[in-house]
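Below: the structure, in structure tokens.
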Amino acid sequence: MNEQGGFEIEDEPALEPESAPAPVPPPATPTTGPVKPASRPGDEPLIGKRRRGRLVRLVPTLAVGFLLVGWICMGVHAWPFALTGAGVGVYGAWRRRSEIVLGSVAAVVGLATFFALVGFRPGIGMGIVIVGCGIVGFIAGLDDRMRGA
């Protein structure tokens, strides 16, 4: 439809029909047993699926890494390093700390193991233990963070 000014007049759009009212949901059925409370973030089981995966991955990795560092420094008497490495692996899997913290804890625990076996004898072996155990812990923590476990 054209008017004198050259503008076109549009027809009004058709009105949409009103929507039907929403159906009423059926009433809830009563439960016969005890009602379980809603789970909270702290209600994770002692060893959950993710923690078990971290334990399986971190404990052997750190035990073997510490064993290699101990073997480089101590030779045959490196088994205590493997045990302390497994302990650091359990700590890392349980607490899920960052790679910096896990590397620092690994370096301190490696140094304590070195002191327990050899006594306080500063030297190149002590430096290798600090750096080697710290690197093993850092790499294990970085791997854990990159996997997002």
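The values are calculated or read from the model by the stated rules, or taken from the named source; none is laboratory data. This structure is a prediction, so every number in the text was calculated from the model and none was measured. Cβ: placed from backbone, ideal geometry, glycine included. Neighbour counts: every protein chain shown. What goes into the accessible areas is simple: the full protein's heavy atoms, side chains included, and nothing from ligands, DNA or RNA. Shrake-Rupley method; radii C 1.70, N 1.55, O 1.52, S 1.80 Å.
Does G137 satisfy the criteria of being assigned to a helix (DSSP H, G or I) and at positive phi? Judged against the criteria, G137 is not a match. If you check V105 against the conditions, is it open to solvent by less than 20 Å² (accessible area, probe 1.4 Å) and over 13 Å from T61 (Cβ atoms)? The answer is no for V105.
For the range 120-142, the criterion of being touching a Ser or Thr at 6+ places or on another chain (Cβ under 7 Å), touching a residue at least 60 places away in the same chain (Cβ under 8 Å) and not charged (D, E, K, R) is met by at least one residue. Of all residues in the range 49-71, those being within 15 Å of I130 (Cα to Cα) and either open to solvent by less than 100 Å² (accessible area, probe 1.4 Å) or at pLDDT below 90 (or both) number 7. Reported count of residues in the range 50-68, each being in contact (Cβ under 8 Å) with a residue 60 or more places away in the chain and of a type in the set (V, I, T), is 1.
Return a yes/no flag: does the range 103-123 have any residue that is in a loop (DSSP other than H, G, I, E, B), over 12 Å from G70 (Cα atoms) and among the polar types (S, T, N, Q). No.
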